[in-house]
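The values are calculated or read from the model by the stated rules, or taken from the named source; none is laboratory data. All of these numbers come straight from a predicted model, not from anything done at the bench. Cβ coordinates were reconstructed from backbone atoms using ideal geometry, including for glycine residues, and neighbour counts include every protein chain displayed. Protein only, heavy atoms only, side chains kept; ligands, DNA and RNA dropped before computing areas. Shrake-Rupley method; radii C 1.70, N 1.55, O 1.52, S 1.80 Å.
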Amino acid sequence: MVHQCGRVFAILALLSAPAVASDFDAAASDIKGVVSTAKENAKSDKQEIKPIQAQYRAERDCVNFRFKPEGPNVSEAVWLRSTEYREECYYSGDPRRGGGGRVCHEVPGWTHRERVQITLEGRQKLFPWEDEIFEVCLEGNWLSAYALRVSHKYEAHRTGGDYTMTASERIPGSHDKNGLSARVVFPAGGVKAVFTDKWSSYYEGEKILVKAKLRREISNWPDSTIGEKEMTFSTAGSYEIDFSELAGKLSGGKPYYVEYGFKRIGKVSKEQYLKTGDSPSAVYRQSLAPMALAF
């Protein structure tokens with residue numbers, strides 16, 4: 001799967017070399033570099049080998065290549081396009097009459113095109129929730145490749161626009177932020193958040209940290225927080241966080257939910273806290289006190 005990215009004007013190059021075919025010789029095929037893992041929330045810190053400062057302004061065209069656990073190891077080919085711009089200036093007006101001046105504007109110059117494709121070699125089997133994402137960008141006649149989310153260390157080899165990423169060792173990847181689901185229950189007038197762990201069988205012997213906020217849903221007004229807790233559990237199929245001490249703050253007939261996120265603690269995935277979102281809302285029903293009958 002590929003996604004076209006927007007154009008940006010700064011360039012940081014990994015395995016960068018001119019994309020024009022005439023600029024390549026036999027040495028180009030031997031260019032190597034280690035592609036490092038970028039931080040997931042990296043909205044996003046992309047790690048690259050060596051930065052090159054462009055001396056001109058050019059459009060930046062990018063594409064993301066996503067490799068799924070059971071998908072092919074060769075991406076489809078995508079054409080990238082980048083146009084360079086130069087500045088042209090001229091003088092306007094009559095300086096003898098106090099007017100005139102230098103007027104400048106950009107005009108398009110050379111347009112570069114490059115066919116790009118990625119092949120993965122030697123990677124181990126991924127967990128069901130994992131995928132690996134690489135980004136390739138063309139800016140002027142420079143190509144740049146980035147690892148956005150990977151579960152291996154990769155060595156990159158490039159020939160023209162064809163990248164071969166060779167896996168060296170497995171590294172912890174990001175866990176599935178949607179691997180933990182939640183619901184709110186009201187047992188015997190109390191209130192609990194109950195969590196179900198979809199991938200618990202892959203994390204046996206490890207731990208999980210869960211953060212949860214009990215919140216009241218309010219129509220046409222910001223929701224209110226009743227309380228929040230953070231707890232660590234040994235990995236299992238389900239977990240509970242008890243908020244029953246806050247039941248006196250709940251209003252009958254009103255909807256409540258938990259806002260939550262979690263972190264895996266162990267070796268299977270990166271120890272990275274990811275916010276999942278909100279559970280479905282549940283309406284609190286007050287228990288009726290027993291009524292004494294007189295005879």
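With respect to being in a strand (DSSP E or B) and either at pLDDT below 95 or open to solvent by 60 Å² or more (accessible area, probe 1.4 Å) (or both), E245 falls outside the description. For the range 175-188, filtered to residues that are open to solvent by 20 Å² or more (accessible area, probe 1.4 Å) and not basic (K, R), the residue that is nearest to V116 (Cα to Cα) is D176. The criterion of at least 1 residues that are open to solvent by 20 Å² or more (accessible area, probe 1.4 Å) and over 24 Å from S174 (Cα atoms) is met by the following strands (runs of 3 or more DSSP E) wholly inside the range 91-150: 101-121, 142-149.
Annotation: N220 fulfils all but one of (1) in contact (Cβ under 8 Å) with a residue 24 or more places away in the chain; (2) on the phi > 0 side of the Ramachandran plot; the unmet one is (1).
Scanning the range 248-280 for residues that are open to solvent by less than 60 Å² (accessible area, probe 1.4 Å), out of contact with any Asp or Glu (no Cβ under 9 Å at 6 or more places or on another chain) and over 14 Å from A193 (Cα atoms) yields L250, S251, G252, G253. Just one of the listed residues (Y257, Y273, Y239) is in contact with a Pro (Cβ under 9 Å, 6 or more places away or on another chain), of a type in the set (F, W, Y) and closer than 30 Å to G173 by Cα, namely Y257. Residue selection: S168 satisfies the criterion of being under 30 Å from E121 (Cβ atoms), within 26 Å of the chain's Cα centre (by Cα) and surrounded by fewer than 14 Cβ atoms within 10 Å (Cβ to Cβ). Reported count of residues in the range 206-236, each being farther than 19 Å from L274 by Cα and part of a loop (DSSP other than H, G, I, E, B), is 7.
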